[in-house]
Structures are given as structure tokens and as C-alpha cells.
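For reference, the structure discussed in these notes is given below.
The values are calculated or read from the model by the stated rules, or taken from the named source; none is laboratory data. As the structure is a prediction and not an experimental result, all values here were calculated from the model. Because the Cβ atoms are built from the backbone with ideal geometry, glycine has one as well, and the counts that use them run over all protein chains shown. Surface accessibility is based on the protein's heavy atoms, side chains included, excluding ligands, DNA and RNA. Shrake-Rupley method; radii C 1.70, N 1.55, O 1.52, S 1.80 Å.
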Amino acid sequence: MLRTFLNAFRVADIRKKLLFTAAMLALYRVGAYIPAPGINVDAVNQISNNFGSSNILGFLNTFSGGSLSRFAIFALGIMPYITASIMLQLLTVVVPSLDKLRKEGEVGQQKITQYTRYLTVGLAFGQSIGYVFLFRSLSSGSADVVENFTFGRVFVIVMSLTTGCVLLMWLGELITQRGIGNGISLMIFASIASRLPAGISKWWTNPDQVFKVMMPFVAIAVIVAIVFMQEGQRRIPVQYAKRVVGRRMAGGGSTYLPLRVNMAGVIPVIFAASLMAFPPTVGQLINTGWAKDLSAFFNPSHWPYLIGECFFIIIFTYFYTAVTFNPVEQADNLKKYGGFIPGVRPGRPTAEFLDRILARLTFPGALYLAAVAALPTIMFNQTSANFYFGGTSILIVVGVALDTMKQLEAQLMMRNYEGFLK
């Protein structure tokens, strides 16, 4: 592995891409420590203890790399862009005009990307306003988070946070175009990885000796299981018929259609975690009896929370898989290009066959996501540890690392170097 990195740095083109990626990620991390203008830093530090892992604020703070707890210019992180991308992806299923754009190839994809950017700006603007009033409501005593709370001051803060989000969106696209890997995913990776030293410190200073000894083995086992399941796929054989083009015989041959065990990725876990984190957050913000009871009932250390989270993960896995993979469309494409699955008639029987295989394949994938999301929470809540990483964070880190390794492997194989995957 070290030799592969050395070989990568010996190639001028790859070295420039790696250094450019590192520079953009470093710029992103620097902005995570620059407070927004007009913010009382001391007041923000006083309410930073509200950003635990048990509410949606802690969830968003993790994906912003701690920027939200500091009310930095990158406090929104890249989450508005991810939310906008998911919304546009879901809308393409129900809006015919967007579905038509998706089928138009690169030109249509550029239009959808443009709509995603516009929606990101709108979401970032609305979320910035919400953060300003949320932080002000969390502040106690005479220390107000927003100094001289006026319309002009609030407008400056909101525009700063919105501009920071747009800048991160631009940096992510630059990394994708001129660097190695997916820029948006690498930013989330950097946000989670930035909390690794604090997580290691919490583990090392934990008084529970059993936890301290078992934790490394459990972490390695979970990572190995994630890699195994992320790379697992069902290969459907596809045969292409020969065609006569002019005076030549074209086509023919056989290939396969890969159906991954986890086609939905980490999106169902993010949806479920956000939904289940809402009741505890409401209980913390509303100082009433019923809100406190609701927060206590859905405490992340209790079984109702874990059962609800696993239930929503399974539901969202089936839903998002159906959104990302359309058996009818795949069957039509195979029929259009002269392909067929051996033993299955083209057209509707092929779509039904793919739908049946996908339904059976999604079930273990959904259980896998639920187990990865719930297992760390169960283990950490049974000990006195307050570790920084949950199942969602581990899934994202491992998934992004695998994707980046594959892209670097492809770059090296083009230059006849031996890469990671053997």
C-alpha cells in the first residue's frame, strides 16, 4: 500500500491531483474554525454542550466537522447540497419533465445539476435563518449569541453561512473535476475523520477496561463486515445477440448485470437517523412535560429508539433502491440493444425477474444497514464511553475510502502500476 502511494507520487499528473485534493480539503478545514461575523464566540462555547450525539444537532455537527458547534462560516457544511441532490433524485421519479431530462444524457444531467445548485442556495438560506434563531434560543443569561440582534446583523450572518455553503459546493465540484475521488464525499469524509483524535482520546481515557480492550477488535470486525457487504453483488448473466450491420457481423458475446447487496448506500441510514433524532431534539428545545417525556422515551440508549431506527432503515432501503434502480427501464434497455437474460423472455418477464431478484437481495442489505447502525449504539450505550463514531459515520468513511481507492487504482493501472486491489 505504501509502495502504491509512492508510485502515485512519482507520476506528475496523479501527484498534482492528490496535492490539489489535499489543498482543497485543508481549506475546508480552515474555514471550519473561522466564526461567522457578528457572533459572540463565548456565548457559542457556552451552548456547545447541547451538541451531543443524541440529537439532530449533534448529527449535523458531525457532518460539518464541528463547524456547527463553533458557528463557523462553514457551519452548514455540505448537507444542503446533499439534501438538494436527494430531493432532485426523488423528484425525477414523479415529475415527467425531470425524468425526460435525466434520459437526455449529459445535457439533461447538466440541467439537473443546475437545478440542484439553485435548490441548494434556497435550502442554505432557509437553514441559516433557522440556525440564527435556534442558537439565540439556546443562549442563556446575558450572553447572546448574536451581538446587537438587528435585521442588518442577522442578514450578514445568514449571507455568510449561505456563501460558505455555496463555496463548499464549488470546492467539492473542483475536487471531482481536478482531483481524485468524489469531492462532496471526500468533504464528508474529512469532517468525520477530523473528529478521530477526540474519539481516540475518549476511548483511551475510558475507565471501562473491558471496553478499552474490546473496542479495537470490534471496530476492525465492523469495518471488515462493511467492506464485505459493500462489495457484495449478485451478477445476472446477460447474453447479446449478433446483428448484421452492413456487411459485417456485430454484437454478440456475454456479460453480466451487477446488482449490489446494498444499492441504497448510506442514504437510508441518514434518513432514519434524522427522523429518529427529531423527538429528542424537540424535547430539549421545548420545556414542557410532554416534550420531556417524549424525549426520554426516544432516548438513543433505549430500545424504542433503536427499534424505530431499524424499522425506518429497512423501509427507506426498499424505497430508495426502488428509486435508484428501475427494473422496467433496465429490461427495456436490454431489449433495445439486443440483450437478454438466458432462460428469461425479453420485455416484461425480464422486468419481473429483475424485480424479484432485487427484492430478495435488498432484504439482507437492509438488515445489514440496520445492524451496522444499531450495533455501535448498543455497545456504546452499554458502557460508560462517549465515543464519537456511530454506524452512519463508519459506513460513510469506509464507503468513501473504497470509492477513492478504486479511482486511484484506475489511475495507476492506466500507467501499468500495481495497485491496491489484487
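Structural remarks
- Heavy-atom accessible surface of the chain: percent carbon and sulfur, 1.4 Å: 63
- Of F363, F20, F217, the one that fluctuates the most in a GNM where the chain has Cα springs shorter than 10 Å: F217
- Dipole-positive endmost among G343, H302, F20 within the chain (Cβ charges, Cα centre): G343
- Taking L25, L98, L76 in turn, the Gaussian network model of the chain (Cα-Cα springs below 10 Å) assigns the largest fluctuation to L98.
- Extended-chain gain in nm, criterion 0.36 nm per residue less alpha-carbon gap, L167 and D144: 5.5 nm
- Dividing the summed -39500 (n - 2.57) terms of all DSSP H runs of n ≥ 4 by the residue count of the chain sets its mean residue ellipticity at 222 nm at -23000 deg cm²/dmol.
- Pairs exceeding 30 Å between alpha-carbon atoms, taken from K17/K336; K202/K406; K16/K212; K103/K406; K16/K100: K17/K336; K202/K406; K16/K212; K16/K100.
- Shape of segment 179-245, Cα gyration tensor, a/c cut at 1.5: oblate
- Whole-Hz Karplus values for segment 57-68 come out as 5, x, 4, 5, 5, 5, 6, 9, x, x, 5, 5 Hz, taken residue by residue from phi with 6.51 cos²θ - 1.76 cosθ + 1.60 and θ = phi - 60°; glycine and proline positions read x.
- Sequence of M414, M187, M263 from largest to smallest accessible area, 1.4 Å probe: M414, M263, M187
- Heavy-atom accessible area order for R10, R117, largest first, 1.4 Å probe: R10, R117
- Within-14-Å neighbourhood charge of Y256 [Cβ basis; K, R +1; D, E -1]: +3
- For the pair A241 and R136, a Förster radius of 51 Å applied to the C-beta separation gives a FRET efficiency near 0.15, rounded to the nearest 0.05.
- Derived scalar couplings ³J(HN,Hα) [segment 356-367; Karplus, 6.51 cos²θ - 1.76 cosθ + 1.60; whole Hz; x for Gly, Pro]: 5, 5, 5, 5, 5, 6, 6, 4, x, x, 5, 5
- Computed over segment 25-121, Kirkwood Rh from alpha-carbon pairs, angstrom: 15.4
- Applying 1/(1 + (r/R0)^6) with R0 = 41 Å to the Cβ-Cβ distance of D208 and L19 gives a FRET efficiency near 0.45.
- Taking T150, T120, T21 in turn, the Gaussian network model of the chain (Cα-Cα springs below 10 Å) assigns the largest fluctuation to T150.
- 5 angstrom amide H check on A36, placed H, neighbours 5+ away: A72, I73
- For the chain, the solvent-accessible area with a 1.4 angstrom probe is 53 square angstrom per residue.
- Using only Cα coordinates, the Kirkwood hydrodynamic radius of segment 143-203 works out to 14.3 Å.
- Karplus-derived 3J(HN,Hα), 6.51/-1.76/1.60, for each residue of segment 317-323, Hz, glycine and proline x: 5, 5, 5, 6, 5, 5, 6
- Rounded Å value of the spacing that divides the Cα centres of segment 114-183 and segment 19-43: 12
- Evaluated on segment 285-356, the Kirkwood hydrodynamic radius is 15.7 Å, with distances taken between all distinct Cα atoms.
- Computed magnitude of the charge dipole of the chain (debye, nearest 20; Cβ of K, R +1, Cβ of D, E -1): 1720
- Cα-based equivalent ellipsoid, the chain: semi-axes from gyration tensor eigenvalues, Å: 40, 26, 24
- Interchain or long-range residues, amide H under 5 Å from Q233's placed H: V261
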